[in-house]
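So the structure is just underneath, and the comments pick up after that.
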Amino acid sequence: MAKWKAIATLCYLLGAIIDGQAQHNITRKDGHVKRSELIQVLLREQDYDKRLPPNFDKDLPTNVIVSLDFNSFDSIDEMNMEFGVNLVVEQEWIDHRLLFYNLIDTEVLELDAKMMDELWVPDIYVSNEKVATFHTVTVPNKMMHLYKDGKIIYRNRISLRASCPMQLQNYPMDDQLCYLHFQSFAYTTNRLQFHWHTDREKALQMLKAIHIMPQFEITKWTIGTCNANRKDGEYFSCLRAEFYLKRSMGFYILHIYCPCSLTVLVSWLSFWLNIDAVPARTSLGVLTVLTVTSQTSAAVSALPKVSYVKAIDIWMAVCLIFVFLALLEYALVNVLNRREIKQYFRRRSNRMDSEKVSITVFSNGYTEQDSTVVNYEQDPNGKEKARQVDKYSRVIFPVVFSLFSICYWAYYLIV
């Protein structure tokens with residue numbers, strides 16, 4: 001087929017040359033034809049059909065070499081579980097219908113964006129993409145180079161937002177895995193196959209400036225395949241690019257963990273206040289509880305409503321428990337301080353007061369005129385007991401909270 005097409009192309013160009021010599025003198029001194037003429041011949045409708053892949057008549061798959069060049073990696077959104085990237089997708093394949101046959105004096109032709117629409121290109125798409133756009137400022141950001149051996153290099157620049165299922169059990173000390181799937185939409189592996197560039201460094205390139213983002217750091221990226229099997233049993237070529245992200249803790253330490261820890265420490269000041277300072281200790285306990293509650297709401301407001309427990313939920317819940325226990329501790333202290341005990345007195349009286357309880361006991365020598373008086377007096381040891389509770393709380397609360405903090409950070413950072 002290629003042999004007969006070469007002969008037809010040569011005959012066509014020979015006729016054009018003869019006609020050009022007679023009319024426009026379009027031949028060149030070195031015997032080569034003009035590049036514009038070669039393009040017109042290669043893209044003639046009777047010889048080139050942009051609707052068909054290169055090896056359609058041979059019933060062979062077209063191998064497309066893919067490489068990615070990332071310009072930016074940002075907009076990681078936990079609420080919608082997605083991320084945004086800006087990248088250049090490069091595809092390379094062989095189309096024997098576009099051989100030069102040494103008819104021009106160059107090895108490569110650079111085509112305009114408008115002329116690219118006249119050539120067949122692979123139908124690659126990102127299967128986990130949500131929204132994507134091509135860049136057209138100031139002109140469409142795409143290019144195509146034709147080489148003399150039929151090789152085609154096609155690049156286009158796109159911005160997209162792709163889904164990234166996240167596991168937030170360890171949030172905000174979590175590591176996430178996001179990926180991009182590049183797949184053929186219409187052609188099965190019998191007709192079109194995608195392959196990564198043999199040089200893995202060229203297959204996926206990323207600027208050093210985008211390794212570290214405001215909230216995440218890209219620690220590693222890998223490439224692989226993910227050939228998809230649809231319901232009808234057909235296989236479609238698929239490439240997978242994976243990105244390993246590690247969350248930066250600086251923001252959460254300064255705006256969540258430190259303020260919440262300080263609030264717990266402030267609630268312990270109640271243990272050093274005077275037992276009789278009821279307004280001060282009550283206000284301090286209530287305010288710390290409300291503060292931790294508002295901090296919890298702010299911390300989880302930017303997260304999806306998942307059904308499992310996250311690391312930050314455990315921290316905020318324990319902090320809330322500690323400040324609430326500090327408030328309950330003062331309630332216990334106040335009860336001990338104001339505790340009253342009953343005292344019974346025996347009294348003989350001809351007339352019983354309404355506050356006296358009359359008990360007639362014939363077996364113990366009392367007469368009907370005898371009465372028992374119940375009197376309530378403040379416990380003389382109550383204040384001392386309340387002070388002891390405060391003293392124990394000054395030690396127990398910090399020790400238990402410190403043990404919890406050590407276990408918490410050891411589990412999520414080390415284990």
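Exposure proxy for Asp276, Asp390: other Cβ atoms within 10 Å of each Cβ, ordered fewest to most, give Asp276, Asp390.
Return the subset of Lys220/Lys310; Lys202/Lys305; Lys50/Lys208 for which the Cα-Cα distance in this structure is over 30 Å, preserving the input order. Checking Cα-Cα distances, Lys202/Lys305; Lys50/Lys208 exceed 30 Å. Within the same chain, aspartates and glutamates fewer than 8 places from Lys383 are excluded, and of the rest, those with a Cα less than 17 Å from its Cα are Asp276, Glu329, Glu340.
Taking label positions 7 Å along the Cα-Cβ direction at both Tyr411 and Asp105, the computed distance is 7.7 nm, reported to one decimal. Of the trypsin sites (Lys or Arg not before Pro) found in region 35-108, those that fall in a DSSP loop while having at most 15 other beta-carbon atoms within 10 Å are Arg44, Lys50, Arg51, Lys58. A protection proxy built from the mean count of other Cβ atoms within 10 Å ranks the segments 182-189, 249-256, most packed first, as 182-189, 249-256.
When Trp272, Trp120, Trp409 are sorted by how many other C-beta atoms sit within 10 angstrom of their C-beta, beginning with the fewest, the order is Trp272, Trp409, Trp120.
A short reminder: the numbers here are calculations on the coordinates, not readings from a lab. What you see is a predicted model, and the numbers here were worked out from it, not measured in a lab. FYI the Cβ positions are ideal-geometry reconstructions off the backbone, even for glycines, and counts take in every protein chain you see.
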